[in-house]
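The values are calculated or read from the model by the stated rules, or taken from the named source; none is laboratory data. What you see is a predicted model, and the numbers here were worked out from it, not measured in a lab. A quick note on method: Cβ atoms are made from the backbone with ideal geometry, for glycine too, and the neighbour counts reach across all protein chains shown. Heads up: the accessible areas ignore ligands, DNA and RNA and are worked out on the full protein's heavy atoms, side chains in. Shrake-Rupley method; radii C 1.70, N 1.55, O 1.52, S 1.80 Å.
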Amino acid sequence: MMYGFLVCRASQKATRNWLSSFNLSRSVHSIPFATVDAEGISGSQPAKVHNLVQGKWTGSSTWNTIVDPLNGEPFIKIAEIDETGTQPFVESLSKCPKHGLHNPFKSPERYLLYGDITAKAARMLSVPKVSDFFTRLIQRVAPKSYQQALGEVQVTQKFLENFSGDQVRFLARSFAVPGNHLGQQSHGFRWPYGPVAIITPFNFPLEIPVLQLMGALYMGNKPILKVDSKVCIVMEQMIRLLHHCGMPLSDVDFINSDGKTMNKLLLEANPQMTLFTGSSKVAEKLAVDLKGRIKLEDAGFDWKILGPDVNEVDYIAWVCDQDAYACSGQKCSAQSILFMHENWSATSLVSKMKDLAERRKLEDLTIGPVLTLTTEAMLDHMNKLLQIPGSRLLFGGKPLENHSIPSIYGALKPTAIYVPLEEILRAKNYELVTREIFGPFQVITEYKKDQLPMVLDALERMHAHLTAAVVSNDVLFLQEVIGKTVNGTTYAGLRARTTGAPQNHWFGPAGDPRGAGIGTPEAIKLVWSCHREVIYDFGPLPKRWEIPPST
């Protein structure tokens, strides 16, 4: 007991010394792991993003240039791998066996290593200068308000806190079941896949890749990570932080490439499992190419239903505004369609939502550039919706003014279109109305007290079942809606929302066996490990055992 106490004290002392040396170094020099200055990146001082393969940071013969989404200035150079340069990455993955870098029977000390790395990384992200560095870096490449970007950093830091120390090995907890006779027991173990791949989008350049990457590493896998090139600089810097915290250089490969090259790499490297977060179109292609060895957290046309009980109109309006337009609507959990009970139509809800939407401005990035759609594409979709009988523009519908956002990106005022429920359900309109617009855009409709079955029919016909909100304190209403829907992350009650992927609950779709989760022990075990059963059968044999007749 005393030995364990002394070891614990020694470990605490070493950690304090490590952290104090970091604090000292940052007071004299820049952040020790950082190779860029988030504030200083510009056309005259462009940042460079490298690849990591087989434990070495490398450049490329081809450098792709990323433009500043706020002014169009070329400000980041990406060492981009083309189809002729994938072999080192293929070789790196092939060196990892299917039983992983560690498992319950092999190198179990690595569970402890990652508990320690995670603890150090959590403490580093809690340092204000480091937190601000990542917040500002996120803002530079995926413009959103400081509070929204900081929230991403804070969720990541809390996640790392959650899996510090012994929590990593607890993820590999096994169970045993008594056998049929003396000496026999069956044991269930969580087993890694070995070589795996992670592909993540632009909208959460720190939170999504960190949570999935660490989950993969915790369970014993060797991942190759590809992040959308527009924002990959954030994760490059985070990997350098993890190296500073003790992560072995060869545990993770990091590649910058276009989608075609990454697809070729996956087919050649043949990873045992690939996690993809992004568009449904790409997800379906990968599912075929990889023969189903994939987990998906793809698009979400996310719905919110306002129940018959009207309460706290100001609060509900504010949550609707946040759900639809925070991060300029570029969340896979953003509110895409709002079903209002007729009791809400008699209130000032829509006018309050309009007022809240109109106070958003580019100056503080509460509204900003849309990185996957042009302004023209969003306006074209709006005009098609307005051709539906009974449809009308509730607010927005115009381009942002007085800005320098490059034309390759979108710049639209927060927009809401009313479409009658009966028209939404028509076969000729349904696909158009339920098309996900990854920007500050939502559809609003109304249902009467006897039309809830129509609303539920509209939800049943949707293809993506990521997030949802049922805003009501009417228990019977909640039971009916929740019981007849499938969305994987569903908020219910007066304070229900569609957006929200904190570290304390599962976030992911339902209704699809390929669905991936994020954030919790259950999500990590589901996505990054499989079940292995080991049956011990030591005997002894029964006395006077003889060979029985053939059966």
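Values computed for the structure shown
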| item | result |
| --- | --- |
| Residue list for region 57-106, filter: open to solvent by less than 40 Å² (accessible area, probe 1.4 Å) and of a type in the set (S, T, Y) | S60, T86, S92 |
| Residue identified as more than 23 Å from A501 (Cα to Cα) and open to solvent by 10 Å² or more (accessible area, probe 1.4 Å) among Q157, Q148, Q54, Q139 | Q54 |
| Tabulated pairs, region 73-99, first over 16 Å from D228 (Cα atoms), second open to solvent by 40 Å² or more (accessible area, probe 1.4 Å) and among the small types (G, A, S), C-beta under 6 angstrom, 6+ apart or interchain | none |
| Residue within region 298-308 that is under 30 Å from N51 (Cα atoms), open to solvent by less than 50 Å² (accessible area, probe 1.4 Å) and touching a residue at least 12 places away in the same chain (Cβ under 8 Å) present | yes |
| Condition met for H341 (open to solvent by 60 Å² or more (accessible area, probe 1.4 Å) and in contact with a Leu (Cβ under 6 Å, 6 or more places away or on another chain)) | no |
| Residue within region 147-170 that is of a type in the set (S, T, Y), within 14 Å of N203 (Cα to Cα), touching a residue at least 24 places away in the same chain (Cβ under 8 Å) and in a loop (DSSP other than H, G, I, E, B) present | no |
| Strands (runs of 3 or more DSSP E) fully within region 55-94 counting 3 or more residues that are within 30 Å of I405 (Cβ to Cβ) and not aliphatic (A, V, I, L, M) | 63-67, 74-79 |
| Residue count, region 383-402 (criterion: in a loop (DSSP other than H, G, I, E, B) and either exposed (fewer than 15 other Cβ atoms within 10 Å of the Cβ) or in contact with an Asp or Glu (Cβ under 8 Å, 6 or more places away or on another chain) (or both)) | 8 |
| Within region 234-250, considering residues that are open to solvent by less than 10 Å² (accessible area, probe 1.4 Å) and assigned to a loop (DSSP other than H, G, I, E, B), the one farthest from S529 (Cα to Cα) | C245 |
| S351 being open to solvent by less than 70 Å² (accessible area, probe 1.4 Å), touching a helix residue (DSSP H, G or I) at 6+ places or on another chain (Cβ under 9 Å) and among the hydroxyl-bearing types (S, T, Y) | yes |
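Every residue, every condition in (1) in contact (Cβ under 8 Å) with a residue 12 or more places away in the chain; (2) under 23 Å from S280 (Cα atoms), yes or no:
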site: V475; (1), (2): no, no
site: G493; (1), (2): yes, no
site: D512; (1), (2): yes, yes
site: P521; (1), (2): yes, no
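Matching residues to (1) under 21 Å from L112 (Cβ atoms); (2) open to solvent by 10 Å² or more (accessible area, probe 1.4 Å); (3) polar (S, T, N, Q); (4) out of contact with any strand residue (DSSP E or B) (no Cβ under 9 Å at 6 or more places or on another chain):
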| site | (1), (2), (3), (4) |
| --- | --- |
| N162 | yes, yes, yes, yes |
| R169 | yes, yes, no, yes |
| S186 | no, yes, yes, no |
| V196 | no, no, no, no |
| Y218 | yes, no, no, yes |
| K222 | yes, yes, no, no |
| C232 | no, no, no, no |
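Listed here are the residues, each with its yes/no results for (1) in contact with an Asp or Glu (Cβ under 7 Å, 6 or more places away or on another chain); (2) farther than 23 Å from R240 by Cβ; (3) at pLDDT 95 or above.
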{"position": "S92", "(1), (2), (3)": "yes, no, yes"}
{"position": "G100", "(1), (2), (3)": "no, yes, yes"}
{"position": "I117", "(1), (2), (3)": "no, no, yes"}
{"position": "A122", "(1), (2), (3)": "yes, no, yes"}
{"position": "L125", "(1), (2), (3)": "no, no, yes"}
{"position": "K129", "(1), (2), (3)": "no, no, yes"}
